[in-house]
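*Asks:* Dumping the structure here so I can ask a few things about it.
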Amino acid sequence: MISVDGLAVEFGGTTLFNDISFQINEKDRIALMGKNGAGKSTLLKILAGVRQPTRGKVTTPKDCVVAYLPQHLMTEDGRTVFEEASQAFAHLKDMEDEIDALNKELETRTDYESDSYMALIEKVSAMSEKFYAIDLTHFEEDVEKTLLGLGFEREDFNKPTNQFSGGWRMRIELAKLLLQNPDVILLDEPTNHLDIESIQWLEEFLINNGKAVVIISHDRKFIDRITTRTIEVTMGRIYDYKVNYSQYLVLRKERREQQQKQYEDQQKMIQETTEFIERFKGTYSKTLQVQSRVKMLEKLQLVEVDEEDSSALRLKFPPSPRSGSYPVTMDRVGKSYGDHVVFKDASLTIERGDKVAFVGKNGEGKSTLVKCIMKEIDHDGTLTLGHNVQIGYFAQNQASLLDENLTVFQTIDDVAKGDIRNKIRDLLGAFMFGGPEESMKKVKVLSGGERTRLAMIKLLLEPVNLLILDEPTNHLDLKTKDILKQALVEFDGTLIVVSHDRDFLDGLVTKVYEFGNKKVKEHLCGIYEFLETKKMESLSELEKKNS
C-alpha cells in the first residue's frame, strides 16, 4: 500500500535517519518503537505527507486514504461535538455538490457531439458510481456509535466543542479519523487522553476494522494487543520485526548480544593487527604484510552496538516519615457544581501502606476527589487526613509551578539529598534529559512534556508518606515508566494513582476504586482482576437486557 524508499532526514547538521526503506501492506498493524528523539514522530509525519524528507520518497496509491492523528492538535470551534465528528463525511457532501453542478452544466449545453461534452458525461458517470457505492444511510448511526465508544455521552453530542478539554477534543479528532474508514491509520500516542474503557474500545475497533495501522505508543498492553509487526528506529536506521512488541523485545535482546560479541571480536582483531603493524613497521621482510594490514584497517567497517537506555538505573524514594494508621478516611463525601452531581456518598478508608488506583471514565470525578483530598476544593461529607500525613502530589499542572529561571540540573540539585546527589546525571538521563546540553536548559524553554517529566523527578526526591499521582505516565516512554513503577513498588508509604495505563497499574496496586454513575465503588483486587469483573458485569447486564 505505502512504499518507503531510501528515506533520509537531516537538520541542523544532524542525521535523524539515513537510507531507510520498507513497505506498509494491507492488514499490517505496526508499532513504531525507539527511544525519545530517535525520529518516530518525524517518520509518521512523513508517512502522513505533512513533512518532507531530505532525500528519498514515499509512494502511496492514488485512491489510498491515509488518516493521521498527531500528538497535539486543536479541534475547530463553532461546531457541536456531533457536527465536528460528522466532518469526516464533508468530502462526500463536496462530491455530491460537484455532481449536481456537472449535471446542471450538462442540461444547459447543446454541443452533444463534442469531445468535451463526452468527457463531461464520463466524469459525471465515474463520480456518481463512486458516490452511490458509498452507503451513507447509516452515517449518523456510525457517528453516534463511534462517539459513544470513545467515552462521550449522548447529552454531549449537541454541546459546542469549546466546552471540552484538550483530551476530549483529541477524542473528537480520533472519531473523525476513524469514521473516514481510511486505508492507513497513523496514530501518535492515541491513548494519552483515553480512559481504560475507551482504550479497550479502540483496541477492538483497530483489530476488527483497521486495514493498516501504524502506531507510536508508550502503552505496552495496548501495542502488544494491537500490533503484529514492530519497526524499531535507532541510530539512524530501522530494524523490521514481523512480531508484536513482547516478542520484539526478546529478538532485540538477542540481536544486541550478537552485536556485542561481534564488536568485542572486532576490537580484539583491531588491537592484534595494530600491535603487529607497530612491531614490524620498520622490518623490510614484513613490509608487504604491514601495508596489507594497514589497508585492511582503513577499509574496515566498524561494528556498532545499538544504543541501550539506562535500564540499570534504580530509583529509590527517600524513607517515608511514619504517618498514622489511616492516612485518608471519608464518610459520605460528595461534590456538586450547581445541579451537576460529580459523585456522592463516597465512604472509604485508605490504610497506611495501601497502594490504590482510581479508575473510570473521564469526567466521573477521579481528579475531583484528589482535589478534595488536597483541600483545593470544598466538598460535602467528612474527609479526614491522618496524623503526620505529608503529601507529595503530581498532576499535569505541577509543571507550571516550576521556577522558570532555573536550569534542569539546578531544579533537581536544589531538592536532592544524600547519596542520590551523586546520581543526578543518571536520574536526568533516565527521564530523557541526558547530555550536558539538555540538563543546562532553562525551565522556561522546555516543552510541556519536558516540564512534566522534570516535575516528576522533583517529586521522586522529596520525603513524603502519601503520594498522589494524577496520570503520571502520559509523557514517559516505556523504559522510564518501568523505572518509575519499580520505585513506586518499593515505596514504603501510601500511594493513590489516577491512571488509565493497565500495564503500569498491574503489580503496583492491590485495591481499585471505580468511579462511575456518580458513585465510588471499592474492589479489593489488582487491575486485571477488576477488568475481568467488569467484563462479567457487562455480560450479565447484556443478558438482563436480552431476557
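The values are calculated or read from the model by the stated rules, or taken from the named source; none is laboratory data. Treat the numbers as computed from the prediction; the structure is a model and nothing was measured. Cβ: placed from backbone, ideal geometry, glycine included. Neighbour counts: every protein chain shown. Protein only, heavy atoms only, side chains kept; ligands, DNA and RNA dropped before computing areas. Shrake-Rupley method; radii C 1.70, N 1.55, O 1.52, S 1.80 Å.
*Asks:* Treating cross-link reach as a plain straight distance, find the lysines whose alpha-carbon is under 17 Å from the alpha-carbon of Lys444, omitting any fewer than eight places away in the same chain.
*Replies:* Lys458
*Asks:* Give the calculated FRET efficiency between His340 and Lys145 to the nearest 0.05, with a Förster radius of 30 Å applied to their Cβ-Cβ distance.
*Replies:* Values: r = 26 Å, r/R0 = 0.87.
It comes to 0.70.
*Asks:* So, one more: At 1.4 Å probe size, put Tyr284, Tyr248, Tyr393 in order of accessible surface, largest to smallest. Walk me through the numbers on the way to the answer.
*Replies:* Working: Tyr284 200, Tyr248 10, Tyr393 30 Å².
Final ranking, largest accessible area leading: Tyr284, Tyr393, Tyr248.
*Asks:* On to the next question. Projecting each Cα onto the charge dipole of region 401-501 (Lys/Arg +1, Asp/Glu -1 at the beta carbon, about the Cα centre), which of Met456, Val498, Val443 comes out farthest on the positive side?
*Replies:* Val443
*Asks:* Moving to a separate point now. What is the gain in length, in nm to one decimal, between Val65 and Asp492 on full extension, counting 0.36 nm per residue of separation less the C-alpha to C-alpha distance? All intermediate terms of the calculation are to be shown ahead of the outcome.
*Replies:* Details: separation 427, 0.36 × 427 = 153.72 nm, distance 5.18 nm.
Gain in length upon complete extension: 148.5 nm.
*Asks:* Report which label in (i) 1.40; (ii) 1.19; (iii) 1.09 holds the value of Cα Rg over 2.2 N^0.38 Å derived from the coordinates of this structure.
*Replies:* (ii)
*Asks:* A further question follows. For the chain, which whole-number percentage of the solvent-accessible area (1.4 Å probe, protein heavy atoms only) is attributable to carbon and sulfur atoms? Walk me through the numbers before you get to the answer.
*Replies:* Details: 13660 of 28200 Å².
Solvent-exposed carbon and sulfur of the chain make up 48 percent of the total.
*Asks:* Okay, next question. Can you send over the solvent-accessible area of Thr161, 1.4 Å probe, protein chains only, in Å² to the nearest 10?
*Replies:* Its heavy atoms expose roughly 0 Å² to the probe.
*Asks:* Sort Glu490, Glu140 by heavy-atom solvent-accessible area, probe 1.4 angstrom, most to least.
*Replies:* Details: Glu490 65, Glu140 110 Å².
Sorted descending by solvent-accessible area, the residues read Glu140, Glu490.
*Asks:* At 1.4 Å probe size, what's the solvent-accessible area of Tyr263? Round to the nearest 10 Å².
*Replies:* Number for this one is 80 Å².
*Asks:* Just grab the label-to-label distance for Leu288 and Leu249, each label 7 Å out from Cα along the Cβ direction, in nm (one decimal).
*Replies:* Once both label points are built, they end up 5.6 nm from each other.
*Asks:* Follow-up question, since we're still on this one. Could you sort Glu462, Glu197 by their accessible area in this structure, using a 1.4 Å probe and putting the largest first? Mind showing how you got there, number by number?
*Replies:* On the way: Glu462 65, Glu197 90 Å².
Sorted descending by solvent-accessible area, the residues read Glu197, Glu462.
*Asks:* Now, a different point. Tell me what the chain gives for mean residue ellipticity at 222 nm when only DSSP H runs of n ≥ 4 count, each as -39,500 (n - 2.57), the sum divided by the residue total, rounded to 500 deg cm²/dmol.
*Replies:* Numbers: 18 runs with 222 residues, N = 547.
Here the helix-only value at 222 nm equals -12500 deg cm²/dmol.
*Asks:* Run the paramagnetic zone check for Arg322: 7 angstrom along Cα to Cβ, then residues of region 380-415 with backbone nitrogen under 19 Å.
*Replies:* Within reach of a label on Arg322: 386-391.
*Asks:* Another question, if that's okay. How much accessible area does His340 have with a 1.4 Å probe, in Å² rounded to the nearest 10?
*Replies:* 100 Å²
*Asks:* If you don't mind, another one. Could you give each residue of region 214-230 its phi-based ³J(HN,Hα) in whole Hz, using Karplus coefficients 6.51, -1.76, 1.60 with θ = phi - 60°, and x for Gly or Pro?
*Replies:* These are the phi-based 3J(HN,Hα) values: 10, 10, 9, 7, 9, 9, 4, 5, 4, 5, 4, 6, 7, 8, 10, 8, 10 Hz.
*Asks:* Just flag the GluC sites (Glu not before Pro) in region 218-313 sitting in loop per DSSP whose Cβ has no more than 10 other Cβ atoms within 10 Å. All intermediate terms of the calculation are to be shown ahead of the outcome.
*Replies:* Details: sites: Glu232, Glu254, Glu257, Glu264, Glu272, Glu275, Glu278, Glu298, Glu304, Glu307, Glu308; in loops: Glu304, Glu307, Glu308.
For GluC sites (Glu not before Pro) across region 218-313 that sit outside H, G, I, E and B with at most 10 neighbouring Cβ atoms in 10 Å, the list is empty.
*Asks:* If one computes the Cα centroid of region 173-225 and of region 450-489, what distance in Å separates the two points?
*Replies:* Here the two parts' Cα centres lie 25 Å apart.
*Asks:* Within region 191-210, what residues put their amide N at less than 18 Å from the label point 7 Å along the Cα-to-Cβ vector of Lys535?
*Replies:* Under cut-off, by backbone N: 196-208.
*Asks:* Okay, moving on. Nearest 0.05, what FRET efficiency do Ser116 and Lys57 give at R0 = 45 Å with Cβ-Cβ as r?
*Replies:* Working: r = 35 Å, r/R0 = 0.77.
Calculated value: 0.85.
*Asks:* Same structure again: What size of dipole, in debye to the nearest 20, comes out for the chain about its Cα centre when the only charges are +1 on Lys and Arg C-beta atoms and -1 on Asp and Glu C-beta atoms?
*Replies:* Numbers: 74 positive and 90 negative charges, 501 e Å.
Magnitude of the dipole: close to 2400 debye.
*Asks:* Average the reciprocal distances over every distinct pair of alpha-carbons in region 229-369, invert the result, and give the Kirkwood radius in Å. Present the calculation step by step, with values, prior to reporting the outcome.
*Replies:* Details: mean 1/r = 0.0440 Å⁻¹.
22.8 Å is the Kirkwood radius here.
*Asks:* Give me the number: length gained by fully extending Glu153 to Phe280, i.e. 0.36 nm times residue separation minus the C-alpha to C-alpha distance, one decimal in nm. If you can, show how the numbers build up before the last one.
*Replies:* Values: separation 127, 0.36 × 127 = 45.72 nm, distance 8.23 nm.
That works out to 37.5 nm of additional length.
*Asks:* May I ask you to give the average projected area over all directions of the convex hull of the Cα atoms of region 358-434, in nm² rounded to one decimal? Show your work: numbers first, answer last.
*Replies:* On the way: hull surface 32.2 nm².
Computed as one quarter of the Cα hull surface, the answer is 8.1 nm².
*Asks:* Among Leu206, Gly236, Gln262, whose Cα sits farthest toward the positive end of the charge dipole of region 198-282 (+1 at Cβ of Lys/Arg, -1 at Cβ of Asp/Glu, about the Cα centre)?
*Replies:* Farthest towards the positive end: Leu206.
*Asks:* Could you report the chain's accessible area per residue, 1.4 Å probe, as an integer in Å²?
*Replies:* Details: 28200 Å² over 547 residues.
Using a 1.4 Å probe on heavy atoms only, each residue of the chain averages 52 Å².
*Asks:* Given a Förster distance of 35 Å, report the FRET efficiency between Gln410 and Thr14 from their Cβ-Cβ distance, rounded to the nearest 0.05. Show your work: numbers first, answer last.
*Replies:* Working: r = 27 Å, r/R0 = 0.76.
The pair Gln410/Thr14 has a calculated efficiency of 0.85.
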